[in-house]
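What follows is a single structure, written as structure tokens, with notes after it.
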Amino acid sequence: MKIIEVIADVSYQDIITTIADQHEVRDCWMGPKGEDGRRMIRLILGDEKRQEVLDALQGALGNSAKAKIVVMGIEAVLPRTEVNGDKPSGKTPAGSTTREELYNNIEKGARLNSTYVILVMLSTVVVAIGLLEDNVSVVIGAMVIAPLLGPNIALALAAALGDTELILKSLKTGAVGFVVAVGLSIMIGELWHLNFDSRELLARTDVGLDSIALALASGAAAVLSLSTGLPSVLVGVMVAVALLPPTATMGLLLGAGKYDLAMGAALLLAVNVVCVNLSAKVTFLARGIKPRTGLEKLKARQSMTTYIVFWVVTLLILIVAIYLRHRALP
């Protein structure tokens, strides 16, 4: 359950309470009228109806510059109520997070700032040490930081919503993170003697169909964990389909002049990126994550088609490349 707090002019009071009645909101109460002519109205409702109510409120208050809608979490309600007390309408999957909450959580991963760059640099150093020392614990530690996963999930959400601004922001942030990670890895590879007996290092130079299946499943799991409010699952996703280890492996091998092995790491990285984006987008689609207005839905359908076709074609090209590489290997 969540609390939706609406702060709007008193002239909207009847509209808000009507919306609450129409959707059989669990509880609704209002505060006193403020000096600015606005009144606070709070609604308590479960997961199944939250998106419908938010859409209705945004539609009703769209012309009011003074109106605000705030979604707040609830730790507990006493006396206890049934978790599934709301009757689902069939439009929103049970236990789902609203479009607005998803955007707020995922958009943070696409922000390009000093913190993001520092996290990429630190995690690159950590994973490089783990790869060179063949220390699986250190490699897993770097995976959990996972700064490169955020922009990819944000890119999939942006395509689902037809949000061009977020698409460009995600691409920019992901590109900067990739360049920083590869550049730093190349420097480490040139200065540090590579341990070619390291199983952790060599494991990232080979890619097969199992890697594709793993990345597709992990991308879907990431979106499901975010859209159902279970972010703890993301830790497993970060480890299962980590983008940084193959990035660092590619850079280390390029720095050491081992171009053939670096190509294998590049293929693994490409497979992970493509599969995460493709499965994340399909999962967003299956979960019914789409814009609110008709014009936005039209833009989203156009971007969705382009997005899915692009990633499917890219995946097919990668499968051919993997097949040819395996045939060429002794």
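Please treat every number below as a calculation from the coordinates, not as lab data. Since we're looking at a predicted model, the values are computed, not measured. FYI the Cβ positions are ideal-geometry reconstructions off the backbone, even for glycines, and counts take in every protein chain you see.
Summing -39500 (n - 2.57) over the DSSP H runs of n ≥ 4 in the chain and dividing by its residue number, what mean residue ellipticity at 222 nm do you reach, to the nearest 500 deg cm²/dmol? Numbers along the way, then the final one.
Numbers: 13 runs with 211 residues, N = 330.
Counting only the DSSP helices, I get -21500 deg cm²/dmol.
Shown for the chain are the DSSP H helices of 30 Å or more along their axis, judged by Cα atoms, with a mean Kyte-Doolittle hydropathy of at least -1.0: 164-191, 259-286, 294-328. Computed from label points 7 Å out along Cα-Cβ, the spacing between GLU190 and ASP21 is 7.3 nm.
Among VAL223, VAL125, VAL136, the largest mean-square fluctuation in a Gaussian network model of the chain (Cα springs under 10 Å) belongs to VAL136.
Only Cα pairs under 8 Å and 6+ residues apart enter the sum, and on that basis the relative contact order of the chain stands at 18 percent.
Highest average first, the peptides 271-278, 51-58, 33-40 ordered by how many other beta carbon atoms sit within 10 Å of their residues are 271-278, 51-58, 33-40.
Select from region 132-224 those chymotrypsin sites (Phe, Trp or Tyr not before Pro) which occupy a DSSP coil region and have at most 13 other Cβ atoms within 10 Å, ordered by residue number.
When the chymotrypsin sites (Phe, Trp or Tyr not before Pro) of region 132-224 are filtered for loop state and at most 13 Cβ neighbours within 10 Å, PHE196 remain.
In the chain the Cα-Cα distances spread across 10 Å bins starting at 0 as 6, 23, 27, 20, 13, 8, 3, 0 percent of all pairs.
When the pairs LYS66/LYS169; LYS49/LYS172; LYS2/LYS172 are compared against a 32 Å limit on Cα-Cα distance, LYS49/LYS172; LYS2/LYS172 fall above it. What is the distance in Å between the Cα centroid of region 259-296 and that of region 10-34? So the separation of the two Cα centres works out to 41 Å.
Mean separation of Cα pairs under 8 Å and 6 or more residues apart, divided by the residue count, gives region 119-164 a relative contact order of 32 percent. All other residues whose Cβ lies under 11 angstrom from that of ILE7 are scored, Lys and Arg at +1 and Asp and Glu at -1, for a net of +2.
Tell me, what is the FRET efficiency for TYR259 and ARG301 to the nearest 0.05, using R0 = 51 angstrom and their Cβ-Cβ distance as r?
Working: r = 42 Å, r/R0 = 0.82.
Efficiency at R0 = 51 Å is approximately 0.75.
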